[in-house]
Amino acid sequence: METFDQLVKQRLTKLEMVRSAGADPYQTVFKRDGSVQELLEKFQENLIFRAAGRITAIRTQGKIAFADLRDSTAKIQLLFSKETLGEKFADVATLDLGDIVGAAGATFVSKSGEKTIRVSEWALLAKALRPLPEKWHGLQNQETRYRKRYLDLLANPDSRETFLKRTKIVGGIRRFLDERGFLEVETPMMQPIPGGAAGKPFKTHHNALGMDLYLRIAPELYLKRLLVGGFDRVYEINRNFRNEGLSTRHNPEFTMLEVYEAYGDCRTMMELTEQMITTLAKEVLGGLDVTWGGKTINLSPPWKRVSFAELAKNACGIEPADSLETMANKLGKWAKAQGAADFPPDVAKIPKSQLAKFVIASLDKLSEQNAGAPVFVTEFLEVFSPLAKSIPGKPGVADRFELFIGGMELANAYSELNDPIEQKKRFVEQKEMGVEEAQTIDEDYIEALEYGMPPAGGLGVGVDRLCMLLTGKETIRDVVLFPTLKPETGEDGKGA
């Protein structure tokens with residue numbers, strides 16, 4: 001069997017043969033008449049058509065050669081023959097799998113019943129100097145699929161289909177919101193103060209202004225400024241950045257949908273979320289059954305509602321008015337009873353700056369226990385919801401929900417807090433709790449609220465996770481074209 005280096009050497013030799021013959025192996029222009037799929041849809045005998053794509057198979061039989069030409073839409077067979085091409089037929093020998101060519105000729109149906117172009121003119125548009133992975137039978141190494149996504153897309157139809165579905169999902173989100181009068185807007189990705197979510201930001205420096213900036217962790221505070229400015233319905237499909245760990249559900253750079261509706265509330269957002277996801281499922285999957293995590297989940301509304309405050313009270317005895325220390329101690333007892341090995345033995349020794357994150361992460365496990373069918377986990381604790389209104393008559397309970405499907409959190413929403421005095425108080429409390437992301441209070445946002453922001457509902461949906469659900473993928477890397485990865489290392493431990 002020939003080695004990889006030998007195969008590359010053979011291709012380089014063919015490249016020089018093309019150049020020596022006076023041809024350009026990387027031609028600039030080839031005008032095609034349309035995609036291969038368009039040709040197949042209007043196919044008839046003796047139709048003259050110019051197509052272009054990648055050679056994915058080639059079979060030479062004396063004075064004829066058959067090749068498969070594939071573009072992003074479909075595949076068609078090419079027939080090269082000495083009878084038609086004359087002396088130029090010999091140039092077919094310089095072709096390799098993976099080469100990109102343009103071909104023109106009359107169509108016909110071969111003896112085996114395959115739709116074919118009888119090539120009367122062709123041109124090499126890009127010589128592939130490396131062989132395609134595993135002779136076009138698929139790229140199986142998962143790490144390589146992520147690092148070299150272009151090869152994954154070339155070799156694995158399933159991967160191409162996943163990202164076509166992702167495009168359809170994002171387009172469907174825009175269409176759904178546009179039809180309901182929401183205005184798509186853009187807000188800054190570099191911000192002087194990171195806010196709108198709990199997350200550690202990436203820090204950068206602007207040389208001309210001599211100031212530090214942060215890649216946004218959320219667009220929320222800017223979008224709500226637009227409500228103050230008179231835009232009643234806004235949304236942004238945005239890129240966010242959080243300087244945190246990697247997992248099957250987390251990538252440092254990720255896509256979120258955020259929606260805000262003046263004169264709406266948490267229930268308005270609940271209805272919007274339910275309608276949007278079921279509409280997308282019908283468009284992408286043709287129905288309301290999704291397969292995820294090895295199970296079939298039915299998305300038919302109405303979706304279940306569960307009170308988080310009641311979950312926390314029933315499981316751990318936590319009350320909304322409890323201090324963080326009290327919550328942590330109650331969680332510790334609950335975890336010990338559950339046999340949770342990842343719980344620290346002495347909760348009292350957790351630094352105050354880490355206590356809030358610890359309690360939040362622990363309580364999240366309660367929500368995630370509601371695996372399977374869609375469930376809105378409502379009535380979150382106010383202490384962990386600084387931007388949400390409280391529920392009248394339920395002190396310490398925020399008018400907020402998180403949506404879980406298959407045990408995976410997909411959305412977060414609440415009735416937006418629009419009282420500037422209360423909002424400032426909440427920000428100060430977060431700072432006193434030692435929450436790292438709350439150390440700088442956004443005074444400009446408080447000032448904006450002082451001009452009056454209408455009551456509103458706000459929603460955030462994890463687009464990457466939604467794509468995971470609707471494509472049946474269990475890791476975020478399968479739905480992000482170029483996920484963040486650890487650097488490759490050579491034998492010496494240094495970057496390869």
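Some points to look at:
- Meets criteria (touching a residue at least 24 places away in the same chain (Cβ under 8 Å) and closer than 23 Å to Tyr451 by Cβ) for Pro219: yes
- Beta carbons closer than 7 Å, at least 6 apart along the sequence or on distinct chains, pair a first residue in segment 474-490 that is more than 12 Å from Ser159 (Cβ to Cβ) and in a loop (DSSP other than H, G, I, E, B) with a second that is modelled with pLDDT under 95 and among the hydrophobic types (A, V, I, L, M, F, W, C) for Thr484/Leu246; Glu488/Ala496; Gly490/Ala496.
- Filtering segment 236-258 for residues that are open to solvent by less than 10 Å² (accessible area, probe 1.4 Å), touching a Pro at 6+ places or on another chain (Cβ under 7 Å) and touching a residue at least 60 places away in the same chain (Cβ under 8 Å) leaves an empty set.
- Being among the acidic types (Asp, Glu), open to solvent by less than 70 Å² (accessible area, probe 1.4 Å) and over 20 Å from the mean Cα position of the chain (by Cα) is not true of Glu121.
- Screening segment 44-79 for residues that are farther than 16 Å from Ser112 by Cβ and over 42 Å from the mean Cα position of the chain (by Cα) and picking the one that is least open to solvent (accessible area, probe 1.4 Å) gives Gly62.
- Within this structure, Gly98 passes the test of being surrounded by 17 or more Cβ atoms within 10 Å (Cβ to Cβ), in contact (Cβ under 8 Å) with a residue 24 or more places away in the chain, farther than 20 Å from Val29 by Cβ and not basic (Lys, Arg).
- Taking first residues from segment 295-311 that are touching a residue at least 12 places away in the same chain (Cβ under 8 Å) and partners that are open to solvent by 50 Å² or more (accessible area, probe 1.4 Å) and assigned to a strand (DSSP E or B), the Cβ contacts under 6 Å between residues at least 6 apart in sequence or on separate chains come to Asn298/Asp289.
- Boolean, Asp265 is open to solvent by 20 Å² or more (accessible area, probe 1.4 Å) and at pLDDT below 95: no
- Filter result (within 24 Å of Ser415 (Cα to Cα) and either touching a Cys at 6+ places or on another chain (Cβ under 7 Å) or at pLDDT 95 or above (or both)) within segment 181-215: Gly181, Phe182, Leu183, Glu184, Val185, Glu186, Thr187, Pro188
- Any hit, segment 445-459, residues being hydrophobic (A, V, I, L, M, F, W, C), open to solvent by 10 Å² or more (accessible area, probe 1.4 Å) and free of Cβ contacts under 8 Å to residues at least 12 places away in the same chain: no
- A single entry from Thr167, Thr187 fulfils the requirement of being surrounded by 14 or more Cβ atoms within 10 Å (Cβ to Cβ) and among the hydroxyl-bearing types (Ser, Thr, Tyr): Thr187.
- From the list Gly195, Gly293, Gly287, the one residue that fits, being closer than 28 Å to Asp419 by Cα and small (Gly, Ala, Ser), is Gly195.
- Filter result for Lys115 (open to solvent by less than 50 Å² (accessible area, probe 1.4 Å), in contact with a helix residue (DSSP H, G or I) (Cβ under 8 Å, 6 or more places away or on another chain), of a type in the set (Lys, Arg) and more than 30 Å from Val383 (Cβ to Cβ)): no
- Whenever a residue of segment 26-46 is in contact (Cβ under 8 Å) with a residue 24 or more places away in the chain, its partners that are part of a loop (DSSP other than H, G, I, E, B) and hydroxyl-bearing (Ser, Thr, Tyr), lying with C-beta atoms within less than 8 angstrom and at least six residues away or across chains, give the pairs Ser35/Ser72; Ser35/Thr73; Val36/Thr73; Gln37/Thr73; Glu38/Thr73.
- Restricting segment 190-216 to residues that are within 14 Å of Met256 (Cβ to Cβ) and free of Cβ contacts under 8 Å to residues at least 60 places away in the same chain, the residue that is surrounded by the fewest Cβ atoms within 10 Å (Cβ to Cβ): Leu215
- For Leu177, the criteria (1) modelled with pLDDT of 95 or more; (2) of a type in the set (A, V, I, L, M); (3) surrounded by fewer than 20 Cβ atoms within 10 Å (Cβ to Cβ); (4) over 25 Å from Gln430 (Cβ atoms) hold in every case but one, which is (3).
- Answer residue from segment 11-23, given it is free of Cβ contacts under 8 Å to residues at least 12 places away in the same chain and open to solvent by less than 80 Å² (accessible area, probe 1.4 Å) and is nearest to Asp99 (Cα to Cα) among those: Thr13
- Residue pairs whose Cβ atoms lie under 6 Å apart, sitting 6 or more positions apart in sequence or on different chains, and linking a residue in segment 415-431 that is touching a residue at least 60 places away in the same chain (Cβ under 8 Å) to a partner that is assigned to a helix (DSSP H, G or I) and exposed (fewer than 14 other Cβ atoms within 10 Å of the Cβ), do not occur here.
- Thr273 open to solvent by less than 40 Å² (accessible area, probe 1.4 Å), closer than 30 Å to Pro420 by Cα, assigned to a helix (DSSP H, G or I) and among the β-branched types (Val, Ile, Thr): yes
- Selected residue (criterion: farthest from Arg180 (Cα to Cα)) from residues of segment 222-235 that are among the aromatic types (Phe, Trp, Tyr) and either open to solvent by 10 Å² or more (accessible area, probe 1.4 Å) or over 22 Å from the mean Cα position of the chain (by Cα) (or both): Tyr222
The values are calculated or read from the model by the stated rules, or taken from the named source; none is laboratory data. Everything numeric in this text was worked out from a predicted model, so none of it was measured. Cβ: placed from backbone, ideal geometry, glycine included. Neighbour counts: every protein chain shown. Heads up: the accessible areas ignore ligands, DNA and RNA and are worked out on the full protein's heavy atoms, side chains in. Shrake-Rupley method; radii C 1.70, N 1.55, O 1.52, S 1.80 Å.
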